[in-house]
1. Quick test for you: out of B:Glu179, B:Glu133, pick the one residue that is in contact (Cβ under 8 Å) with a residue 60 or more places away in the chain and buried (at least 24 other Cβ atoms within 10 Å of the Cβ).
2. If a residue has to be farther than 17 Å from A:Gln98 by Cβ and out of contact with any Asp or Glu (no Cβ under 7 Å at 6 or more places or on another chain) to count, how many in the stretch A:1-28 make the cut?
3. Would you please name the residue that is most open to solvent (accessible area, probe 1.4 Å), looking only at residues in the stretch B:19-30 that are of a type outside the set (A, V, I, L, M) and part of a strand (DSSP E or B)?
4. On the given criteria, is A:Ile149 aliphatic (A, V, I, L, M) and part of a loop (DSSP other than H, G, I, E, B)?
5. Any chance you could count how many residues in the stretch B:110-130 are in a helix (DSSP H, G or I) and open to solvent by 10 Å² or more (accessible area, probe 1.4 Å)?
6. Does A:Val156 satisfy being away from chain B (no Cβ under 12 Å), farther than 25 Å from A:Gly54 by Cβ and buried (at least 20 other Cβ atoms within 10 Å of the Cβ)?
7. Within the set of pairs 6 or more residues apart or between chains, which connect a residue that is on the phi > 0 side of the Ramachandran plot and of a type outside the set (Phe, Trp, Tyr) inside the stretch B:1-20 to a residue that is in a helix (DSSP H, G or I) and modelled with pLDDT under 95 with Cβ atoms less than 7 Å apart?
8. Among residues belonging to the stretch B:99-109 that are touching a helix residue (DSSP H, G or I) at 6+ places or on another chain (Cβ under 9 Å) and surrounded by fewer than 21 Cβ atoms within 10 Å (Cβ to Cβ), point out the one that is nearest to the other protein chains (Cβ to nearest Cβ).
Protein chains: 2
Amino acid sequence: MKILLVGASGTMGSHLVNAWKNEHELITVGTKSGDIKADITSVDDIKKMYESVGSFDALVSTAGPSYVGPWKTLTPEVFKNGLNGKLLGQINLVLLGQDYINPNGSFTLITGGLTYEPQHFFANASAANGGVEAFVRAAAIELKKGVRINAVSPTVIENSPQYFDYFPGEIPTTMRALEFGFRKSVFGAKTGEIIKLY
Amino acid sequence: MKILLVGASGTMGSHLVNAWKNEHELITVGTKSGDIKADITSVDDIKKMYESVGSFDALVSTAGPSYVGPWKTLTPEVFKNGLNGKLLGQINLVLLGQDYINPNGSFTLITGGLTYEPQHFFANASAANGGVEAFVRAAAIELKKGVRINAVSPTVIENSPQYFDYFPGEIPTTMRALEFGFRKSVFGAKTGEIIKLY
């Protein structure tokens, strides 16, 4: 299976690369490294990425930049800019990628527990997650030719201990659970679902 | 109670105005009419509105512009612009209004069933709703001085029969249920909740 892995150099992405590289044809995408360099906050970068890749079977996104910082720093401008990555960037991966994906292919986006379990510093990420999740359900009834779409929703992940203190009471999602969540979306048959790992 | 009603000339807003005008001091806000003219897609308009109003006890928003149209017309630009109203406009009402609202005041935003019950033509509204709902939960843990925040979530509303065909299988939310949903948020004690009316 030809899988486009966006966010491949991140903590989640690099784990998936190691787990899947012997099973599938992976095309790694990152802002600064990877087979293709693309920043998902740029519509042009996404367009160029798809032109260069051509057809593919699955897109997996672990690219979720959003604004993290104290509530008092959330001006309208900061909030809006913070939605360009995890929310709009991932939506654009689907809107633009639907013309390139093979029939019966799949899109799997990243969201997270902050949709329902808010924490200080992460209001922007909560809004992005909630938007992505509702978009996934809406896109599932629109995509043609058997193309599926889901999102994987971990809480703070095992390999990011620097974030543990921001998520009191959240049992970290193991890398194994995360990988298997993506497996369920990419290799299973679900569509329009949020695969909740917390 | 001094209540700022944003979207007052719309189908939902005008119903609330009639229902509450003898009980409370209402300040009506609309894009083209009302005590104050303000377009919530404009950060400047929102700032001017609050400067002109000064302090208040409750903000009720029934202003939810988003993009409605066939999936194939959803370009990245259309999608992004479509989020400036229901999603970012309503978030900005809170980010900017928190400096003006009285202690123990409340914000009540509008969302809708499309968060969980997608329909053709409304993917943009689904994303906006999902973002608003997650934002409400996140803002509830950040707002100070007893200020509360909730969202009211109807499905297609009784007084908008022109939309019924877009919502097959949805029993329209009555105007009475809608009004009482807003009552629960504004005059009750909940915070961080989505008051689901479908």
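The values are calculated or read from the model by the stated rules, or taken from the named source; none is laboratory data. Keep in mind it's a predicted model, so treat the numbers as computed, not measured. Backbone-built Cβ (ideal geometry, glycine too); neighbour counts: all protein chains shown. The area values use the complete protein model at the heavy-atom level, side chains included, leaving out ligands, DNA and RNA. Shrake-Rupley method; radii C 1.70, N 1.55, O 1.52, S 1.80 Å.
1. Answer to the selection: B:Glu133.
2. Total meeting the criteria: 18.
3. B:Glu25
4. In short, no.
5. Of the residues in the stretch B:110-130, 1 are in a helix (DSSP H, G or I) and open to solvent by 10 Å² or more (accessible area, probe 1.4 Å).
6. When the stated conditions are applied, A:Val156 passes them.
7. Between residues of the stretch B:1-20 that are on the phi > 0 side of the Ramachandran plot and of a type outside the set (Phe, Trp, Tyr) and residues that are in a helix (DSSP H, G or I) and modelled with pLDDT under 95, there is no close pair.
8. B:Asp99
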